[in-house]
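For reference, the structure is listed below as structure tokens.
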Amino acid sequence: MSHGRRHRRHRAVVAALICGGMLVPLAACATDTVRTGERANPPASAETPAASRETDPAKLSIPLNSMPGFVPATVLGDGRYQRPMTDEPGDFWWRVINADDKVIEQYEPREQVAFGDPATYTDVPGVLVFRGNNYRSGGAYGTADIKEKKLNIVWEQPTGEIRGEGSYWPGAGWTGQPLLVKWPDATRAAMGLPAEFANDPNFVEVIYPTFEGKIYRLDLASGKATKEPIDAKFGFKGTGSIDPRGYPLLYSGQGLNDRNGTIGPWRWRVFDLIQNKEVWGIPGLDPSAPRPDWGAFDSSALVNRQTDTAFEPAENGLVYKVKLNSSFDPAAKKVGVKPEVVKMEYAGPKSKKHGIENSAVAYRNLMFAADNDGNVFCWDATTMQVLWMRNTGDDVDSSLVLEATSSGVFLYTGNEVDNRGATGGERITNIRKLDAMTGKQLWQYDIPAYYDAAVNGGVLGTPAIGQGSLSDMVIFNVARTTAPREGDLIALDKKNGQVIWRRHLTNYSWSSPTLFQGSDGRQYGILTDSAGIMHLFDPQTGEDLDTVSLGKNTEASPAIYNNMIVVASYDRKIFGIKIS
């Protein structure tokens, strides 16, 4: 049986058993597989709406009682407040706790916090956070000078490996995106870099936390070390964040606390990149947490530069809000933080595991994330009150992606086959479009996926939002679909969830597809897979234009700066790949 026919057979089963019993648009239940190369009905307009440059939180903040369907909170006592779930029975609750683990009965923040459009997240060139901005809609900076449509490895940096938690951790893994930053002149001069980098106005640095617990600092152009790696002793799985003001500060959460049998403390860490060392952190084993025995941090923190405030969801089930009180004196070559912390605890009717592994999204004063129990929820960055919550039926580790349009503000998300598989439930991953203001579902697309407790099937990579000539599509990478080793890359119509194209992957992927702009006016896509193959593909059709081998499984997500791609693989190497 061909792979194409097998796809259609699985899709028909889903349509009969799932779509027939769910309130989803019929378009999302289509059983036809659209083959790559058959791009139909491209968008009539390739224009991208102009972004607002407004960054004043007072002007950006949305009054909470003006949101559609706003419900005043019910006071439960002991600092707890309650609201009804979206589209299902039951209620969720939350409360705010201070750094001394004392409940704050009525949290009264000193200032409003709100984020602007993604183009205003930072003025520093590069990819400074997971997927580049507060909508998590990027991952690439600049324009690639495209002529041959080829990928070539131009440098390699060896990395280490560790063993821990009964497994093997080489190179970098999920989400594992490198950070690429063209430092402001004053910052570059203050960091004590070698002269060849300190005096180069075009210098771009790669900052890469890895499994072995080392943070590599490299020159993007050559792969040369710019400073000795910072050894944090215990490993990183997620993606760090560079301060969006261009301060020499790195924020990065620890994903592993076992280094070759040596057990250490879980921490979300702040690194001074002048001194090349950790200067502050949050312990992950928090007595306030609903999951007190697990303290990993995989989320890539968002930093609101206007208010000097960081947000870090954690696997212990808390959301941390950190007033950094940061300072940077380039002339004195000193940077520092004096943080103040509050924590938000929450739970829904189906909360059992707790814990957030994805990276928060921000639209103005509204923030969004999803957790291991399948809860997608929205909270106010200023007051930390939870505004809505809906359950998606299974673990959501992939970061949400937000899109603000003239017709509304929307979230795109997908779950995996995890909790359901463990309990004998349906082995189907659900892709959804949600109204970000209310949590209401707009459409759903379902696809079968295999269950494995160690290697989940479903959506692990963050989807890529199309813009311009791709403005009608969102691209999802779905792991372990037609067979345990295989997967699918699927472009769905944003309006109705219909398949635009669906491309079979011989080797599944947990990596996030990344779109970038070419000098020829076209857009291109990059995806890495579990066999270590990097694909340069045409996002109009899903077809490969070129591939290159990175040796072994590459589940980390790449970052792109003009013609250069950086990513690490399980082959214990960081790669610099040039697009030509």
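The values are calculated or read from the model by the stated rules, or taken from the named source; none is laboratory data. Everything numeric in this text was worked out from a predicted model, so none of it was measured. So basically every Cβ, Gly included, is an ideal-geometry build from the backbone, and we count neighbours across all protein chains shown. Accessible surface areas use protein heavy atoms only, side chains included; no ligands, DNA or RNA. Shrake-Rupley method; radii C 1.70, N 1.55, O 1.52, S 1.80 Å.
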Query raised in the report: Out of all the residues in the range 196-207, is one or more in contact (Cβ under 8 Å) with a residue 40 or more places away in the chain, under 20 Å from Thr528 (Cα atoms) and touching a Phe, Trp or Tyr at 6+ places or on another chain (Cβ under 6 Å)?
Result: no
Requested in this report: Please go through the range 328-337 and pick out each residue that is in contact with a Leu (Cβ under 8 Å, 6 or more places away or on another chain) and in a loop (DSSP other than H, G, I, E, B).
Outcome: Val337
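Suppose we filter Leu273, Leu250, Leu218 for residues that are open to solvent by less than 10 Å² (accessible area, probe 1.4 Å), modelled with pLDDT of 95 or more and farther than 23 Å from Arg305 by Cα; which single one remains?
Leu218
Just checking, which of Ala144, Ala119 is closer than 25 Å to Arg522 by Cα and crowded, with 16+ Cβ neighbours inside 10 Å?
On the way: Ala119 fails: crowded, with 16+ Cβ neighbours inside 10 Å.
So the residue among Ala144, Ala119 that is closer than 25 Å to Arg522 by Cα and crowded, with 16+ Cβ neighbours inside 10 Å is Ala144.
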Report summary line: Exactly one of Asn325, Asn316 is part of a loop (DSSP other than H, G, I, E, B), within 23 Å of Asn98 (Cβ to Cβ) and open to solvent by less than 10 Å² (accessible area, probe 1.4 Å), and that one is Asn316
Requested in this report: Considering every residue within the range 552-560, establish whether at least one is surrounded by fewer than 24 Cβ atoms within 10 Å (Cβ to Cβ) and assigned to a strand (DSSP E or B).
Outcome: no
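Which one is nearest to the chain's Cα centre (by Cα) among residues in the range 477-532 that are in a loop (DSSP other than H, G, I, E, B) and among the charged types (D, E, K, R)?
Filtering the range 477-532 for residues in a loop (DSSP other than H, G, I, E, B) gives 480-486, 494-498, 506-513, 519-522, 529-532.
Filter once more, so that each one left must be among the charged types (D, E, K, R): 480, 485-486, 494-495, 520, 522, 529.
Details: Arg480: 20, Arg485: 24, Glu486: 23, Lys494: 19, Lys495: 23, Asp520: 28, Arg522: 25, Asp529: 17 Å.
Within the range 477-532, the match that is nearest to the chain's Cα centre (by Cα) is Asp529.
Residue-by-condition table, conditions (1) outside any loop (DSSP other than H, G, I, E, B); (2) surrounded by 22 or more Cβ atoms within 10 Å (Cβ to Cβ):
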site: Ala186; (1), (2): yes, no
site: Ala189; (1), (2): yes, no
site: Phe203; (1), (2): no, no
site: Tyr208; (1), (2): yes, yes
site: Gly223; (1), (2): no, no
Report task. Please go through the range 121-175 and pick out each residue that is modelled with pLDDT of 95 or more, of a type in the set (Asp, Glu) and under 19 Å from Lys233 (Cα atoms). Result -> Glu161
